[in-house]
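Student: For reference, the structure I am asking about is given below.
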Amino acid sequence: MAEETASPSSGASKDALDLNSLSGLDFGPDWADGKASKSAKSRTPGGEGPHKGKGKRSSPHASRDRRAGGRPQRGRADQGQTRGGQGKRGFGRGNSRPDFEPVVKVDLYPQDEAFDALVKRLRASARTYQLFEIAHLLLEKPERYVVVVTPKPKRNSGEDAKPLLYYSVPGHLPFESEEEAINYVLKEHIDQFFEIEEIEVDPPSGNFQMVNRCGITGELLGPPNYHRYQEFTQRHYAARISGMSFERFQSKIEASKEQEDIDAWLESMKKGARYTVKERQENEPESFDTLEAARHFLIHHRKDKVVGSGESVRFAGRDIERMPRSNIRRSVETYIEQQKHFPLDSANNIRGRLRRHKFAVYKKGSKGVSYVCAVKRKFRDSKTVFTDSIGELIDFIEKHPEIPASKLSNEYIGIDTEKQKPETLKMQEADQKAAKETANEDAAESATEPDQTPESDAPEAKEASTRATPKESLSADEQEKLNQLMVDLRWLITEGYVTEYGDGRLFAPPPLPEPKKKTDGEKAKVSEKSSEDQSEEPTVAETSEAEKKSSDIDTSASTDAPASNEPDKKEDKQERGGSDSVS
């Protein structure tokens, strides 16, 4: 058997080298020698092949050289692989389809009525919310924001060439081309220009052996030998097909030779339409019998009322669902989903607008989280004087940071109450029904509150988060303490000395440290130096004031920095669509 496995040329070199000692090694694949299969059987018990038998291979290198089972063949598969295991043909783990590339730049801004309702709510509650939380609230419903789309510059276009977007005048929706905008108007708003009357017409005459059908919608298009077939096909594509090229749409068309389909098409052609012009002017046609004729009339006589163009298009968020399926709609929907996950851009767009409504916007914490409140914060110092009840309350809140308002009455004055959960920030739509429901809710909630609030603070007190009802009947003394606590807490919150967050937590920053005072020796040195150098040095009062400001900043940095009084230079830019950084 060993002689059969030797190569034919081994006999010539037997004298020089004995190859019998190497007969157990296999340096070639199975297919290289027709007798290799016999050799493989001889090396395994029972005459079975190497993969079926239980014996070990004679060499660990044998499997490497077997192209059928070991080493992958080099070819297009290897060429398709790239670094990281991803290739053009989908080879490698973790490969995914390329992400969609938006065709327009998208920005979202608050809708005026929704924003006004939000501002009213924030001012009434005096609570402090994260800026992202407010942005999420505005993004919950499309009715609460408007969309601004701007075309992206195309490749290989000149710097001076500004790309334009087209929009339908009825509905004011954006489109990439003028033809798409016109087709949308003809489909959705043609009744604004014509009075459409259904009429009976004679069916087409001719020898029709087959009729084509749309493979996507199933509608009959017409016989290919009919003279208006191309018109019907293009009209159907423009009105019913989106997200597909015209060539691919044509490849989906199916032909039918069934007499029933041919008769159904002829029956549908017996119904026509007459388009009578509205607001007809002198020397204009009165009516048209085909849609193409009506289209031609609109383009040449009413184009300014059908389609427009601009560098950007602004439309209401609720109109997104009315947009035809297109790359612009997909770009908008993709951007909105991204903003719902992380609303950085949307928060930037409303930040300046909130400041113009006199809201305090500041950052807190090591991560620089932005907060918004209708009340400007105040920081007490040694000169700040409170009444005994207010002073004791703010000291207690300071020593118990982030204490929930629901537990304040129990832990501070020992009165156990049933506290409602902190009210989440909700958007009240700007309509009469919502306003009426809100008024009824406020009236019902105020009925459960002790009526101990001064008249000037009564409207704001209705929104106080300290609204509570005792579990058991209280004595007159306990009721008076509870009422006083509610009034004092509300005053501290509305004045800005205590911060109430949206989840009900309370926070009172510690008092600011006193500024360092100059000693008599230091004052004399300052005066002597000033007289010698003839330089302008700050007075003791100015120095103390500067140190106080510096102390204010240092102290607030460890808790939450006071809002800057400097005007935001980028607010106007934000309203026009610019952005400012928000952490």
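Throughout, read-outs are computed from the coordinates displayed, never taken from laboratory work. Quantities reported herein were computed from a predicted structural model and do not represent experimental measurements. In this analysis, Cβ positions are derived from the backbone assuming ideal geometry, glycine residues included, and neighbour counts consider all displayed protein chains.
Student: Name the long-range amide H neighbours of Val498: under 5 Å, sequence gap of 5 or more, or other chain; modelled H, no Pro or chain starts.
Tutor: Answer set, sorted by chain and number: Ile493.
Student: Between Leu164 and Glu402, what FRET efficiency comes out of the Förster formula 1/(1 + (r/R0)^6) with R0 = 56 Å and r the beta carbon distance, rounded to 0.05?
Tutor: Numbers: r = 53 Å, r/R0 = 0.95.
With a Förster radius of 56 Å, E is 0.60.
Student: Separate question: Once you sort the root eigenvalues of the Cα gyration tensor of segment 181-286 as a ≥ b ≥ c, which label holds: rounded (a/c under 1.5), prolate (a/b larger than b/c) or oblate (the other case)? Provide the component values of the computation, followed by the final result.
Tutor: Working: a/c = 2.64, a/b = 1.43, b/c = 1.85.
Cα axes put segment 181-286 in the oblate bin.
Student: Please go through segment 318-380 and write out the trypsin sites (Lys or Arg not before Pro) that DSSP classes as loop and that have at most 15 other C-beta atoms within 10 Å. Show your work: numbers first, answer last.
Tutor: Numbers: sites: Arg318, Arg322, Arg325, Arg329, Arg330, Lys340, Arg351, Arg353, Arg355, Arg356, Lys358, Lys363, Lys364, Lys367, Lys376, Arg377, Lys378, Arg380; in loops: Arg325, Lys358, Lys367, Lys376, Arg377, Lys378, Arg380.
Of the trypsin sites (Lys or Arg not before Pro), the ones in loops of segment 318-380 whose Cβ has at most 15 other Cβ atoms within 10 Å are Arg325, Lys358, Lys367, Lys376, Lys378.
Student: Next question, about the same structure. Let me know the charge dipole size of segment 228-382 about its Cα centre in debye, to the nearest 20, where only the beta-carbon of Lys, Arg (+1) and Asp, Glu (-1) is charged. Walk me through the numbers on the way to the answer.
Tutor: On the way: 34 positive and 22 negative charges, 442 e Å.
My answer is approximately 2120 debye.
Student: Please list 3J(HN,Hα) in residue order for segment 343-356, calculated via the Karplus relation 6.51 cos²θ - 1.76 cosθ + 1.60 where θ = phi - 60°; whole Hz, with x for glycine and proline.
Tutor: x, 5, 5, 5, 5, 4, 6, 9, 5, x, 5, 5, 5, 5
Student: Among Lys358/Lys407; Lys120/Lys481; Lys378/Lys481, which pairs are too far apart, with a Cα-Cα distance over 29 Å? Write out the running numbers ahead of the final one.
Tutor: On the way: Lys358/Lys407 31 Å; Lys120/Lys481 31 Å; Lys378/Lys481 26 Å.
Cα-Cα > 29 Å for Lys358/Lys407; Lys120/Lys481; rest within.
Student: Looking at segment 188-260, which trypsin sites (Lys or Arg not before Pro) are DSSP coil and have at most 11 other C-beta atoms within 10 Å of their C-beta? Before the final figure, lay out the partial values.
Tutor: Details: sites: Arg213, Arg228, Arg235, Arg240, Arg248, Lys252, Lys257; in loops: Arg228, Lys252, Lys257.
Those that pass, being in a loop and sparsely packed, are Lys257.
Student: Taking a label point 7 Å from the Cα of Ala273 along the Cα→Cβ vector, which residues of segment 186-207 have an amide N closer than 20 Å to it?
Tutor: Within reach of a label on Ala273: 186-204.
Student: Collect residues whose amide H, placed 1.01 Å from N in the peptide plane, falls under 5 Å from the amide H of Lys105; neighbours closer than 5 in sequence don't count.
Tutor: So Lys105 has HN proximity to Thr150, Lys152.
Student: I want to check the label-to-label distance for Phe342 and Ala316. Put each point 7 Å from Cα in the C-beta direction and report it in nm to one decimal.
Tutor: 3.3
Student: What is the spin-label model distance, in nm, from Asp381 to Glu231 if the labels are put 7 Å beyond Cα along the C-beta direction?
Tutor: Going from the Asp381 label point to the Glu231 one covers 8.5 nm.
Student: What list of ³J(HN,Hα) couplings, whole Hz, do you get for segment 404-416 from phi and the Karplus terms 6.51, -1.76, 1.60, once you set θ to phi - 60° and write x for glycine and proline?
Tutor: Rounded to whole hertz, the list is x, 4, 5, 9, 5, 5, 6, 7, 8, 10, x, 10, 7.
Student: How large is ³J(HN,Hα), in whole Hz, for each residue of segment 281-296 in order, when computed from phi with the Karplus curve 6.51 cos²θ - 1.76 cosθ + 1.60 and θ = phi - 60°, using x for Gly and Pro?
Tutor: With coefficients 6.51, -1.76 and 1.60, one gets 9, 5, 6, 9, x, 8, 7, 9, 9, 10, 5, 5, 5, 5, 4, 4 Hz.
Student: Additional query: Could you list the GluC sites (Glu not before Pro) in segment 368-414 that lie in coil according to DSSP, counting only those with at most 14 other Cβ atoms within 10 Å of their Cβ? All intermediate terms of the calculation are to be shown ahead of the outcome.
Tutor: On the way: sites: Glu392, Glu398, Glu402, Glu411; in loops: Glu402.
Here the sparse-neighbourhood loop sites are Glu402.
Student: Could you compute the FRET efficiency for Asp477 and Lys120, with r as their C-beta to C-beta distance and R0 at 41 Å, rounded to 0.05?
Tutor: On the way: r = 38 Å, r/R0 = 0.92.
With R0 = 41 Å, the Cβ-Cβ based efficiency is 0.60.
Student: While we're looking at this one, here's another question. Report the calculated FRET efficiency for Glu113 and Arg330 (r = Cβ-Cβ distance, R0 = 35 Å), to the nearest 0.05. Display every interim value, and only then the final one.
Tutor: Values: r = 28 Å, r/R0 = 0.80.
So, using R0 = 35 Å, E works out to roughly 0.80.
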